[in-house]
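**Student:** Here it is, the structure in full.
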Amino acid sequence: MKELICIVCPKGCRLKVDEENGFKVTGNSCPRGAEYGKNEISDPRRTVTSTVRISGSHLKRCPVRTSSPIPKNMMFELMDALNSVELHSPVKRGEVVIENVLGTGSDVIVTRDM
Amino acid sequence: MKYELIVIGGGPAGLAAAVSAYQNGLRRIAIIERDLQAGGILNQCIHNGFGLHRFHEELSGPEYAGRFIDMLPGTSIQLFTDTMGLEITKDKRVHCVSAKQGYQVYEAESIVLAMGCRERTRGAIGIPGDRPSGVFTAGAAQRYLNIEGYMVGRRVLILGSGDIGLIMARRMTLEGAKVLACVEVMPYSCGLSRNIAQCLNDFDIPLYLSHTVTDIRMKNGRLSGCTVSRVDEKRMPVPGTEMDFDCDTLLLSVGLIPENELTRSAGIEIDRRTNGPVVHENMETQMEGVFACGNVVHVHDLVDYVSAESERAGRAAAQYVLNGEASGECITLRNGACVSYTVPQLIRPDNVEKAAEVFFRVNRIFSASRVSVYSNDQLIAQYKREHMAPGEMERIQLPKALLDKADGEITVACEEA
Ligand SMILES: Cc1cc2nc3c(=O)[nH]c(=O)nc-3n(C[C@H](O)[C@H](O)[C@H](O)COP(=O)(O)OP(=O)(O)OC[C@H]3O[C@@H](n4cnc5c(N)ncnc54)[C@H](O)[C@@H]3O)c2cc1C
Ligand code: SF4
């Protein structure tokens, strides 16, 4: 039995995951929690948010994020990949910056119109 | 030109209030925002975790703000950016100043206050020691890093377990800094549990509860180290428990204070428990036709609730302009055992459609517990909770039928089940 805090929403339910019984989750208030609990034990993932360089805007950094959670142990590799990106204004929210980043199946997308 | 509504502050609260007032029939609406763009604090909150209630999607701060900013074109709402609201007067004139327009006075039929919060500083909590560079509030560091693109330090200690500090612990770590520890004077964390899990535990950053910074040292004008000591029940440092941290940066995440200079200048009553204006069920302050919403009223941890509360304020402003003042008997809400405040503080049952939403915070950690609502010592309602903490705002709905039964005052209290 593993105890976890669900990080999917700010409610922060205290989950118990039973590894021996098909990752059965208790303590969750919604189905997202059950899914999170199971994944957190078998394949932990995180959405990574950061900024990249941008030129031609009144600000120098443009916020970005992964379009879906990527494997937790790839967070720092992703941060390195972002260092080489430079955008030019204008960019739109949702625009893809790096497609299928590091082969994760997730894209890096812009999160602010700039 | 006389506006039907002037909103002061273009963060999520101000945007939602303006859009809702428009949807409820007002046309001459202006938003006054001192920053270059609307969106408020959300523009620097580039992390995800916004909008799950509202949009059923997990968005980052700028994305959440963007959804509201996108609602403005197509309405007649005017957004004045780079414009600072200076004063509001009793006859609802808004004084403001901008580089482009100079000093302006606008007349309004109604006003929504949505100025948000600012951070508590080192001065406000009185940390002893030197005064070097390298000591930042967590939100200021967040702005430097996420908006301006400056890294504020390499070896970081965080004082206070508020959400901004926790978020910055993760952010600085991902950007290559070493975050040594997060130190919290209270015996519990003040931030959301999810942020302890994903910002500290994910990166093995230790959290020292019941500890505080007792000395700050400097070398060549820059922070060179901090001493951290354990504190007793009275929050006094215990001699002999000192730990030294070799750090060049100290981030303070020790709370937010609603920004109410304008509110005070208009003579509107401020609640000492929340540091925000006293409000009614529809977010109207004690001054007729002046409403308030978002962090200026009380510190919210969830922007989704800010939007909901602000829509209520915008709708009420529209009703006030179109139909006149809301009236009726007024119930006073009091905080009973283990509750530090309630918002609203006043409810006019005649003005409640189905139920009044009441927000409050508890002043200690609860496991299985009950929220009890009393009127003149009579228990009139009870709600179960599995877990409550000071860092997490609580919410109950008081049905109209129940309010009609209440006699002049209502007390909200919490106890173990
Ligand atoms: C660092 C941080 C992290 C957060 N993380 C989360 C999270 O993960 N999930 C979540 O749901 N919520 C989160 N929140 C909470 C949420 O972002 C806030 O509750 C929300 O932004 C409050 O909105 P607001 O409009 O009341 O205030 P603000 O966003 O602060 O907006 C106030 C606006 O008013 C303007 N203003 C102030 N005074 C004047 C004046 N005199 N004249 C003109 N303009 C003025 C300011 O420039 C600002 O734009 C976080 C908050 C902070 C601070
Ligand atoms: S289980 Fe559901 S309600 Fe609970 S924290 Fe997770 S997502 Fe939120």
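FYI, it's all coordinate maths here, none of it is from the lab. Quantities reported herein were computed from a predicted structural model and do not represent experimental measurements. Using ideal geometry, Cβ is built from the backbone for each residue, glycine included, and neighbour counts are taken over all protein chains shown.
**Student:** Please order B:185, B:297 by the number of other Cβ within 10 Å, starting at the fewest.
**Tutor:** Details: B:185 19, B:297 33.
Least crowded to most crowded, the residues run B:185, B:297.
**Student:** If you put +1 on each Lys and Arg Cβ and -1 on each Asp and Glu Cβ, how big is the dipole of the range B:138-273 around its Cα centre, in Debye rounded to 20?
**Tutor:** On the way: 16 positive and 17 negative charges, 34 e Å.
The dipole magnitude comes to about 160 debye.
**Student:** Say R0 is 22 Å: what FRET efficiency, to the nearest 0.05, do residue B:400 and residue B:327 get from their beta-carbon distance?
**Tutor:** Numbers: r = 16 Å, r/R0 = 0.73.
Efficiency, rounded to the nearest 0.05: 0.85.
**Student:** So if we plug the beta-carbon distance of residue A:100 and residue B:222 into 1/(1 + (r/R0)^6) with R0 = 60 Å, what FRET efficiency do we get, rounded to 0.05? It would help to have the intermediate numbers written out before the result.
**Tutor:** On the way: r = 43 Å, r/R0 = 0.71.
The calculated FRET efficiency here is 0.90.
**Student:** Here's another thing I want to ask about it. Projected area of the range B:121-254, taken from the Cα convex hull and averaged over every viewing direction, in nm²?
**Tutor:** Numbers: hull surface 30.3 nm².
Projected area, direction-averaged: 7.6 nm².
**Student:** Calculate, for residue B:386 and residue A:19, the FRET efficiency according to 1/(1 + (r/R0)^6) with r their C-beta to C-beta distance and R0 30 Å; round to the nearest 0.05. All intermediate terms of the calculation are to be shown ahead of the outcome.
**Tutor:** On the way: r = 23 Å, r/R0 = 0.78.
It comes out at approximately 0.80.
**Student:** Kirkwood Rh over alpha-carbon pairs of the range B:276-417, then Stokes-Einstein at 10 °C and 1.306 mPa s: what D in µm² s⁻¹, rounded to an integer? Kindly include the intermediate steps, with their values, before the conclusion.
**Tutor:** Numbers: Rh = 15.4 Å.
Answer from the Stokes-Einstein relation: 103 µm²/s.
**Student:** Place a point 7 Å from the Cα of residue B:415 along the Cα-to-Cβ direction; which residues of the range B:334-376 have their backbone N under 11 Å from it?
**Tutor:** Taking a point 7 Å out along Cα→Cβ of residue B:415, the residues of the range B:334-376 whose backbone N falls under 11 Å are B:337, B:370-373.
**Student:** Where a Cα-Cα gap under 20 Å defines reach, which aspartates and glutamates qualify for residue B:405, not counting those fewer than 8 residues away within the same chain?
**Tutor:** B:281, B:329, B:350, B:353, B:357, B:377
**Student:** Something else about it: Bin width 10 Å, origin at 0, all Cα-Cα pairs of the range B:75-139: what percent of pairs per bin?
**Tutor:** Going out from 0 Å in 10 Å bins, the range B:75-139 shows 15, 33, 21, 22, 8, 0 percent.
**Student:** Per 5 Å bin from zero, what fraction in whole % of the C-alpha pairs of the range B:184-302 is there, up to the bin with the longest pair?
**Tutor:** Over the range B:184-302, the share of Cα pairs per 5 Å bin runs 2, 9, 14, 14, 13, 12, 12, 11, 8, 4, 1, 0 percent.
**Student:** Once both labels are modelled 7 Å past Cα along the beta-carbon direction, what's the residue B:57-residue A:58 spacing in nm?
**Tutor:** So the label points at residue B:57 and residue A:58 sit 2.6 nm apart.
**Student:** I need the shape label for the protein assembly as shown. Rule: rounded when a/c is under 1.5, else prolate if a/b > b/c, else oblate, with a, b, c from the alpha carbon gyration tensor. Let's see the in-between values first.
**Tutor:** Working: a/c = 1.43, a/b = 1.22, b/c = 1.18.
Verdict is rounded for the protein assembly as shown.
**Student:** Quick one: if you stick a label point 7 Å off each Cα along the C-beta vector at residue B:78 and residue B:273, how many nm between them?
**Tutor:** 4.0
**Student:** Please quote Rg/Rh for the range A:49-110 to two decimal places, taking the Kirkwood radius as Rh and restricting both calculations to Cα atoms. Walk me through the intermediate numbers first.
**Tutor:** Details: Rg = 11.3 Å, Rh = 11.8 Å.
Taking Rh as the inverse mean 1/r over Cα pairs, Rg/Rh reads 0.96.
**Student:** Kindly put A:35, B:288, B:119, B:353 in sequence by how many other C-beta atoms sit within 10 Å of each C-beta, fewest to most. Please report the intermediate quantities before stating the final value.
**Tutor:** Numbers: A:35 15, B:288 12, B:119 20, B:353 7.
Going from least to most buried by this count: B:353, B:288, A:35, B:119.
**Student:** With the contact rule set at Cα under 8 Å and sequence spacing of 6 or more, what percent relative contact order holds for the range B:121-254?
**Tutor:** Working: 293 pairs, mean separation 44.7, N = 134.
With pairs under 8 Å counted, the relative contact order is 33 percent.
**Student:** Run the quick spin-label model on residue B:101 and residue A:83: label points 7 Å from Cα toward the beta carbon, then report their separation in nm to one decimal.
**Tutor:** 4.6
**Student:** Choose one of B:341, B:19, B:177: the residue whose Cα lies farthest towards the positive end of the charge dipole of the protein assembly as shown (beta-carbon charges +1 Lys, Arg; -1 Asp, Glu; about the Cα centre).
**Tutor:** Farthest along the dipole direction, towards plus: B:177.
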